[in-house]
Amino acid sequence: MAYVITESCINCKYTDCVDVCPVDCFREGPNFLVIDPDECIDCTLCVAECPVNAIYPEDEVPEDQRDFIHLNAVLSKNKNWKPIVEKKAAPDDADDWTAVLHKRHLLDRNEG
């Protein structure tokens, strides 16, 4: 069972979670991170590091966020979404987005 990044990450894209991942399963898009389910070893380390509580075990993803299971799987295989293995500075306006709900329409898939 892999972990899944959900809507709360959109436009926040804090990368604290990336620093603790022992297998480098995170992929970076323009305004969102995903977890490659084929690489994730279910270690749970990333969950506590996410300041916006966007990461869930696959079987605990909230019902209204279940489509993010598929999105993580698909986008993690996108050639434009590169592995990210070190923490980066969050976007300048990340804090402005932390409490915003219903951001899914803002997800930049950059599917080139």
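Throughout, read-outs are computed from the coordinates displayed, never taken from laboratory work. Keep in mind that this is a model prediction, so the values were computed, not measured. Quick reminder, even Gly has a Cβ in these numbers, built from the backbone with ideal geometry, and neighbours come from all protein chains shown.
Remarks
- Restricting attention to segment 16-31, the residues being out of contact with any Phe, Trp or Tyr (no Cβ under 8 Å at 6 or more places or on another chain), under 14 Å from K87 (Cβ atoms) and surrounded by 20 or more Cβ atoms within 10 Å (Cβ to Cβ) number 2.
- Look at segment 84-112: where a residue is under 15 Å from P30 (Cα atoms) and a partner is exposed (fewer than 10 other Cβ atoms within 10 Å of the Cβ) and not hydrophobic (A, V, I, L, M, F, W, C), sitting 6+ places away or on another chain with Cβ atoms under 9 Å, you get G112/K79.
- Among the candidates N31, N110, N11, N78, residue that is touching an Asp or Glu at 6+ places or on another chain (Cβ under 9 Å), among the polar types (S, T, N, Q) and at positive phi: N11
- Some residue of segment 40-57 being over 17 Å from E111 (Cα atoms), charged (D, E, K, R) and over 10 Å from the mean Cα position of the chain (by Cα): yes
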